[in-house]
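Report on one structure; see the data block that follows.
The values are calculated or read from the model by the stated rules, or taken from the named source; none is laboratory data. The structure displayed is predicted, hence computed values, not measured ones. So basically every Cβ, Gly included, is an ideal-geometry build from the backbone, and we count neighbours across all protein chains shown. Keep in mind that these areas ignore ligands, DNA and RNA; they rest on the heavy atoms of the full protein, side chains included. Shrake-Rupley method; radii C 1.70, N 1.55, O 1.52, S 1.80 Å.
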Amino acid sequence: MAIPVSAESEPTLDEIKTWPATISVTRCALALGCGKSALYDQIKRGELPVRTIRVGRRTAVVTASLVRLLETGSPDPQPPAPASALVAA
């Protein structure tokens with residue numbers, strides 16, 4: 001089931017808690033109120049304060065990590081390595 005992304009309003013924390021286990025970088029940017037390009041830059045540098053995973057060529061954000069950040073203001077205790085440090089298997 002696709003969750004509509006509305007450019008008109010940011011989702012509430014209660015709405016985010018109902019999202020699937022992983023979300024797109026675009027959806028994460030909407031929740032954080034920033035641009036997806038900025039998030040992709042942070043992912044490349046290993047500075048995004050939420051956990052991400054790679055699914056093929058796609059980067060997905062772990063929703064629980066995003067919720068933790070929004071609830072506590074603290075980044076994920078185990079943020080991902082910079083994309084440049086990842087080695088293809």
- Query: Among Ala60, Pro49, Trp19, which residue has its Cα positioned farthest towards the positive end of the charge dipole of the stretch 12-66, with +1 placed on the Cβ of Lys and Arg, -1 on the Cβ of Asp and Glu, and the dipole taken about the Cα centre?
  - Reply: Ala60
- Can you send over the solvent-accessible area of Ser9, 1.4 Å probe, protein chains only, in Å² to the nearest 10? 70 Å²
- Which whole-Hz ³J(HN,Hα) couplings does the stretch 39-48 yield from phi under the Karplus relation 6.51 cos²θ - 1.76 cosθ + 1.60, θ = phi - 60°, glycine and proline marked x? 5, 4, 5, 5, 4, 4, 8, x, 10, 5
- Note on the structure: So, over other residues within a Cβ distance under 10 Å of Leu69, counting Lys, Arg +1 and Asp, Glu -1, the net charge is 0
